[in-house]
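**Student:** The structure follows.
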Amino acid sequence: MIARVRLIAWRELRELSRQPAMLAMIGGLFLLISLLVSGALLLLQAAEGDPVAAEALRGWLPGEGAHATLVQATVTAFSWLIFTQLLGIVGVLAGHTVLHDRQTNALPFLLLAPVRRVELMAGKVLGVVALPLVLYLALSGATSILAASLPITAPWRDSLPPSPAWVVAFLLGGPAWSLFTAAICAAVSGLSRDVRTAQQGVWFAMFFVTFLAGTLLSALLSQGVGVQLLVAALGLAGAAAALYAGSEAMSREVGR
């Protein structure tokens with residue numbers, strides 16, 4: 001079973017590799033967010049204790065706590081973006097995976113191959129998750145470490161590494177919910193007959209999933225490791241249910 005799933009995932013990765021412009025945009029999005037957050041925090045760190053910069057900040061954002069407010073807003077926004085950008089990218093990729101096979105007439109051959117439907121879905125989901133997950137771990141992880149190293153972020157260290165809750169959310173929760181998102185969007189793709197229907201269905205599903213996951217993974221970091229373990233388990237359970245539902249929908253294409 002593992003070998004078949006791995007083979008399907010590798011096939012999906014090869015299909016993605018044939019679209020370099022799309023891959024460049026995905027990598028560019030991760031890089032852009034990392035650069036913006038890093039740049040903002042480094043500028044705020046440089047402004048710490050600088051009377052001229054403090055006066056400029058008070059003119060832009062009235063109040064004695066203008067500097068701290070900006071740091072908190074940057075950290076909070078980044079905590080949200082860490083997870084939602086991953087889920088959004090994964091959802092878009094998964095939303096075309098089965099439909100692409102249908103449009104290229106490859107789907108009937110895949111369904112008649114000696115592979116279970118759930119294995120086919122699992123392979124496709126893992127294939128579309130792999131590349132975004134690597135970028136997420138590398139770029140978002142590096143930016144989080146940089147943010148945590150700055151003295152100005154000390155009051156919000158529960159939202160940054162090496163907070164145990166953050167580690168669980170980043171290494172377990174994010175990947176688990178990315179699998180859930182990919183499984184749902186792949187199922188939508190399998191039920192769609194044209195690109196427009198798939199796009200609308202994927203965006204509908206992604207709106208609710210990313211909002212829910214973003215809240216659970218970022219807003220609840222201060223609640224501790226136990227809560228984040230439950231969030232990760234919920235994501236994995238949802239992924240398993242979505243894989244089963246997607247495989248059942250695929251079974252209607254060709255009966256055995």
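The values are calculated or read from the model by the stated rules, or taken from the named source; none is laboratory data. The shown structure was predicted, so the numbers you read here are calculated from the model rather than taken from an experiment. Neighbour counts run over all protein chains shown; Cβ positions are idealised from the backbone, glycine included.
**Student:** With respect to GLY123, determine if the residue is part of a helix (DSSP H, G or I), at pLDDT 90 or above and in contact with an Asp or Glu (Cβ under 8 Å, 6 or more places away or on another chain).
**Tutor:** Spelling it out, GLY123 is indeed part of a helix (DSSP H, G or I), at pLDDT 90 or above and in contact with an Asp or Glu (Cβ under 8 Å, 6 or more places away or on another chain).
**Student:** Please name all residue pairs, on different chains or six or more residues apart, with Cβ atoms under 7 Å, provided the first residue is in the range 163-185 and is over 11 Å from GLY238 (Cα atoms) and the second residue is among the acidic types (Asp, Glu) and part of a helix (DSSP H, G or I).
**Tutor:** ALA165/ASP158
**Student:** While we're here: What is the number of the single condition among (1) surrounded by fewer than 18 Cβ atoms within 10 Å (Cβ to Cβ); (2) more than 30 Å from ARG4 (Cβ to Cβ) that LEU171 does not meet?
**Tutor:** So the condition that LEU171 fails would be (2).
**Student:** Quick one: how many residues across the range 206-235 are over 14 Å from the mean Cα position of the chain (by Cα) and in a helix (DSSP H, G or I)?
**Tutor:** Number of matching residues: 13.
**Student:** Now a separate question. I'd like to check something: does the range 158-179 contain any residue that is more than 30 Å from GLY39 (Cα to Cα) and either modelled with pLDDT of 95 or more or of a type outside the set (Phe, Trp, Tyr) (or both)?
**Tutor:** yes
**Student:** Here are the criteria: (1) more than 21 Å from THR104 (Cβ to Cβ); (2) under 19 Å from the mean Cα position of the chain (by Cα); (3) aliphatic (A, V, I, L, M). Tell me which single one ALA147 does not satisfy.
**Tutor:** All conditions are met except number (2).
**Student:** Which residue, of VAL167, VAL98, VAL129, VAL115, is over 22 Å from LEU230 (Cα atoms), assigned to a helix (DSSP H, G or I) and not aromatic (Phe, Trp, Tyr)?
**Tutor:** VAL98
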